[in-house]
Amino acid sequence: MISLSGLNPEQRIAAETVEGPVLILAGAGSGKTRTITYRVAHMVANLGIKGKSILGVSFTNKAAKEMRERVVTLLGKRQAKGVTLTTFHSLGVKILKKEINKLGYHLNFSIYDTSDQLGIVREALKLYHAEVKFDHKRILSKIGYLKNRAITADVFGASPYFDEDDPYDLACEYVYRFYQEKLKFYNAIDFDDILFLVVRLFRDYPDVAEAYSDRFKYIMVDEYQDTNGLQFALIRGLTSRHSNLCVVGDDDQSIYAFRGADITNILEFEKAFPGAKIIKLEQNYRSVSPILSLANHVIKDNPNRRPKTLWSTKESNQKPLLWAMGDTDHESQVVVDDIAKYQATGAHLGDIAVLYRSNTQVQPIEDQLRISQIPYTVLGGQKFYEKKEIKDLIAYFSLILNPHDQMALRRILNVPNRGIGNATLNKFLLKSEQDKISVFEALETGPDLAGSRADHIVKFVKLIRSYQKKFKELPLAQASSTLIEEIDFLKFIDKQYDNLKQADRRKKDIMMFLESAERFTRFHGEHASLKNFVERLLLQDNQDNEEELDDDDLRKNEVTLMTLHSSKGLEFDIVYLIGMEEEILPHKRTIVNGEDISEERRLAYVGVTRAKEKLIMTYCKERKIYGRKVPRHPSRFLNDLDALYVNQDRTTFGHMSEDEKDDHIKSTFANFADLLGED
C-alpha cells in the first residue's frame, strides 16, 4: 500500500479522485509533480489498476523522466513497469510506427531534422523562380505553424492564414505542397507531422482512436495550459471511449502563446469535459510569504483567469526590493556588485538567477560578470560572445595579437568573402607544414600560391599587420570601429541574411560589442589594451570549458542568466528580475500593437514566483537601447503595490559628476590589473 498521509488535504483529494474528468489547478510551487506521481502510485498499489492502462503525458523528456523516476521510487520497478509516462511527440511516434501505413506511408518512415527540412525548402524555392530572395527558415517556420493548426498544404490557400498580397505566403503555398510531396516520396515526416498525422489518423479512422482509448483507460496531462489545438484533438481521441482524464496546469503560467499554446483549453475545460471536478493546489512550498503576496497582487488584475491565492507557511521579514537605477550600465554594475558580495561569503552561485524579458538585456550583465570574474551560464539564449559575428571579430583581434593563431586565421581568412576557398587554404596549410612556419607566415611569404587570389592574400596580410600598430596607437573602441569599417563588416552581414530584421539584429550586436569596448576603456583606463580586452573575453569561456569536465556541483556553481520564458518550472534562492519597466515588461510590441497584455502579466508572475527567499527587481530611469539613451518608467504591473515591496532609489551613482563616476569605476575594478599581474 502507498500512504497518502504526506500529502496536504487538497493534494490528497487530487490523488484519490480517479474516475471522470479532473482539473488540478496547480499554482506555482504547489507540488504538482509530487501530487500526480502519488496519484499514479495510489491507482496501481491501492486501487489495483493495471499500470498498462495508465498514460501520463508531458511536454519535455526531462519532465517525463522525472515523473518516471518518482513513480519507480514509490512503486518499485516491477509495479511501475507497465505505466506509460512519456511526451506528446514520443507517444505520437509510437502510434505512427504501428498505424502510419493507413495514411499511405510505409511503417519504416524516417523523421527529418531541420537541416533535412531546409534542404527540401531550398530545392522548392529554386524551382519557384522568384525574383525575391526568401528566408528559408521563415518559410519552414510558417509550414510548422500551419501544421500545428491542422492546416494542410491543400487547404492553406483558402484558409484565413493565407494572405494573397504577402509574397511569403504565395511562396509558402508552393513550397508547402512541394515539401509534403517530397516528404511522402522519401517516406519521411518532420517533427510537426507527428501530432498532425496522429490527429488525422484518429479523425479518418475512429476505430484506431477507440482502440487506444480502450488501452489507456486513465489519462493524465501535465502543463495543460500549454496545449495547442492538435494536442487537444489528440486528447479528445484518446478519451473517446471514457472520460477518465486528469489534467494538471496553471492558467496563470500560460506564457507560450507564440508557440501555439491555447489558454482556452484550460479555461474552458468543463465545457469540453462536462462534470469535471476542479481541485485547487494553492499551498506554495517554494517561496516565502512576502514574495507570494506580491505575486498574488501582480496576477489578480488579469481578466479571464481562474481565481487562486498562493500561500505559504514560510514567513519572512524581508520584502521584495525594487531598485531604481540610473541607466543600463548602472543597473548591471549594481546587480553584479551585489552578486559579488554574496560570492564573497562563500555561498553557492547556483542559488542565483538573473531573469529578463528579452535577450537584448543580457549583454551588459555578461560584461560585468566577466569583469568581476564571476562564472555564469546563459540558458534559453545564446551567450553574446558566442554569436557568430562576435566570434569573428574576436578572431580578428586574436590574430592581430598572435599571427600564429591558426584557428583564428582559418575562421576569418574568408570573412568577409575574399574568394579564398578550402582548396587555396590547403595549399598554405601544406606550405606551413613543409617549411615549419605558421600559416600566416606562409601567406605572407608565398601569396602567389593563391594564383589569381594572390592580391587578396596580400591585402589580408597587410590588414593584420597595420592593425597591430593601430591598436597600439588608437583607443581600443576607436581601433575596433575602424577595423569594422575597413573590412566593410556591416555590409557583409547584410549579404549573409535574406531577412532584413535578422541582419539588423546582427548589426546591432556589433554596436553593442563596440559599447562593450568603450565600457572596458572607461573602466580600465591605461590597462584597456587589446591584449587585456581579449584575455577578459576569453578567460570566462576557458573556465566554463574546464568546469564541464568537473562534477555536477562544480558545473552548477555559476550564476544563471535566462529569459522569463526559459525560467518556468525552475526555482532559485535569489532572483534578480531586471528591467521591470514599461516597454520591456510589458513588451513594447504588445503596447504599440494594442494587444492584450495578459500574457505579459503572466510572465511577470512567473518571474516573481521563481524566487524562494529573496527577490530584487530593477528598473532604469533611462536605458541605453542600441546606443541611444531613452527615458524609462516602472512597469504598470507594480502600480499601487508599494506596500508589498521596498522601493530603493540606487541612483546616487547616477548623480555623480563625470570625474567622480570615473574615479568610482576605477576604484571598483582596481583589482583587474592585479589579476593580470601588472603594476
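The values are calculated or read from the model by the stated rules, or taken from the named source; none is laboratory data. Model, not experiment: these values are computed from the prediction. Cβ placement follows ideal geometry from the backbone for every residue including glycine, while neighbour counts extend to all protein chains displayed. For accessibility, only protein heavy atoms count, side chains too; no ligands or nucleic acids. Shrake-Rupley method; radii C 1.70, N 1.55, O 1.52, S 1.80 Å.
Given the structure, is Lys62 open to solvent by 20 Å² or more (accessible area, probe 1.4 Å), in a helix (DSSP H, G or I), farther than 19 Å from Phe202 by Cβ and out of contact with any Lys or Arg (no Cβ under 7 Å at 6 or more places or on another chain)?
On the way: open to solvent by 20 Å² or more (accessible area, probe 1.4 Å): yes; in a helix (DSSP H, G or I): yes; farther than 19 Å from Phe202 by Cβ: yes; out of contact with any Lys or Arg (no Cβ under 7 Å at 6 or more places or on another chain): yes.
Answer is yes for this residue.
Does Asn46 satisfy being of a type outside the set (D, E, K, R) and within 25 Å of the chain's Cα centre (by Cα)?
No; evaluated as a whole, the condition is false for this residue.
Criterion first (assigned to a strand (DSSP E or B), open to solvent by less than 10 Å² (accessible area, probe 1.4 Å) and not small (Gly, Ala, Ser)) does Leu96 satisfy it? Spell out the reasoning first.
Details: assigned to a strand (DSSP E or B): no; open to solvent by less than 10 Å² (accessible area, probe 1.4 Å): yes; not small (Gly, Ala, Ser): yes.
Spelling it out, it is not the case that Leu96 is assigned to a strand (DSSP E or B), open to solvent by less than 10 Å² (accessible area, probe 1.4 Å) and not small (Gly, Ala, Ser).
Could you count how many residues in segment 600-628 are of a type in the set (A, V, I, L, M) and within 17 Å of Ile352 (Cβ to Cβ)?
So the answer is 5.
Counting residues that are touching a residue at least 24 places away in the same chain (Cβ under 8 Å) and under 21 Å from Gln117 (Cβ atoms), which helices (runs of 4 or more DSSP H) fully inside segment 134-222 reach at least 1?
Where helices (runs of 4 or more DSSP H) fall fully within segment 134-222 and carry at least 1 residues being touching a residue at least 24 places away in the same chain (Cβ under 8 Å) and under 21 Å from Gln117 (Cβ atoms), they are 136-147, 153-156, 167-185, 191-204.
Looking only at segment 22-52, which residues are surrounded by fewer than 22 Cβ atoms within 10 Å (Cβ to Cβ), touching a residue at least 60 places away in the same chain (Cβ under 8 Å) and farther than 27 Å from Ser287 by Cβ?
Ile49, Lys52
Residues are listed down the side, and each one gets a yes or a no for (1) of a type outside the set (D, E, K, R); (2) in contact (Cβ under 8 Å) with a residue 60 or more places away in the chain:
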site	(1), (2)
Ser332	yes, no
Tyr342	yes, yes
Ala353	yes, yes
Ser358	yes, yes
Leu369	yes, yes
Ile374	yes, yes
Lys387	no, yes
Leu393	yes, yes
Ser398	yes, yes
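Note down all Cβ pairs under 8 Å where the first residue falls in segment 436-456 and is open to solvent by 50 Å² or more (accessible area, probe 1.4 Å), the second is assigned to a loop (DSSP other than H, G, I, E, B), and they're at least six residues apart or on different chains.
If the second residue must be assigned to a loop (DSSP other than H, G, I, E, B), the pairs left are Glu441/Pro403; Thr445/Ile437; Arg453/Arg418; Arg453/Gly419; Arg453/Ile420; His456/Arg418; His456/Gly419; His456/Ile420.
Tell me, which strands (runs of 3 or more DSSP E) lie completely within segment 585-656 with 1 or more residues that are hydroxyl-bearing (Ser, Thr, Tyr)? Can you show your working first?
Values: elements: 611-620, 622-625, 628-631, 646-649.
By residue number, 611-620.
May I ask you to list the residues in segment 99-108 that are open to solvent by less than 30 Å² (accessible area, probe 1.4 Å) and modelled with pLDDT under 90?
Tyr105
Looking only at segment 393-411, how many residues end up being in contact with a Ser or Thr (Cβ under 9 Å, 6 or more places away or on another chain), modelled with pLDDT of 85 or more, aliphatic (A, V, I, L, M) and under 17 Å from Phe513 (Cβ atoms)?
Going through segment 393-411 one residue at a time, the tally reaches 1.
Just checking, how many residues over segment 480-497 are farther than 21 Å from Ile400 by Cα and among the β-branched types (Val, Ile, Thr)? Working first, answer last.
Going through segment 480-497, the residues farther than 21 Å from Ile400 by Cα turn out to be 491, 493-497.
Filter once more, so that each one left must be among the β-branched types (Val, Ile, Thr): 493.
Here the count works out to 1.
State the number of residues belonging to segment 570-583 that are open to solvent by 20 Å² or more (accessible area, probe 1.4 Å) and aliphatic (A, V, I, L, M).
1
Quick check on segment 116-138: of everything there that is out of contact with any Leu (no Cβ under 8 Å at 6 or more places or on another chain), among the charged types (D, E, K, R) and open to solvent by 60 Å² or more (accessible area, probe 1.4 Å), which residue is nearest to Tyr186 (Cα to Cα)? Give the derivation first.
First pass over segment 116-138, keeping only residues out of contact with any Leu (no Cβ under 8 Å at 6 or more places or on another chain): 116, 119, 122-133, 135, 138.
Then drop every residue that is not among the charged types (D, E, K, R), which leaves 116, 122-123, 126, 131, 133, 135, 138.
Restricting the remaining residues to those that are open to solvent by 60 Å² or more (accessible area, probe 1.4 Å) gives 116, 122-123, 126, 131, 133, 138.
On the way: Asp116: 11, Arg122: 16, Glu123: 14, Lys126: 19, Glu131: 29, Lys133: 27, Arg138: 23 Å.
Per the stated criteria, the residue is Asp116.
Sort out which residues of segment 561-576 are part of a strand (DSSP E or B) and either under 14 Å from Ala604 (Cα atoms) or out of contact with any helix residue (DSSP H, G or I) (no Cβ under 7 Å at 6 or more places or on another chain) (or both), and write them in order of number.
First pass over segment 561-576, keeping only residues part of a strand (DSSP E or B): 561-563, 572-576.
Matches in segment 561-576: Met562, Thr563, Val575, Tyr576.
May I ask you to verify whether Arg505 is basic (Lys, Arg) and assigned to a loop (DSSP other than H, G, I, E, B)?
Values: basic (Lys, Arg): yes; assigned to a loop (DSSP other than H, G, I, E, B): no.
Here the answer is no, as Arg505 does not meet what is asked.
Among the residues of segment 139-150, write down those that are open to solvent by less than 80 Å² (accessible area, probe 1.4 Å) and within 21 Å of the chain's Cα centre (by Cα). Can you show your working first?
First pass over segment 139-150, keeping only residues open to solvent by less than 80 Å² (accessible area, probe 1.4 Å): 139-144, 146-150.
Passing the criteria: Leu140, Ser141, Lys142, Gly144, Asn148.
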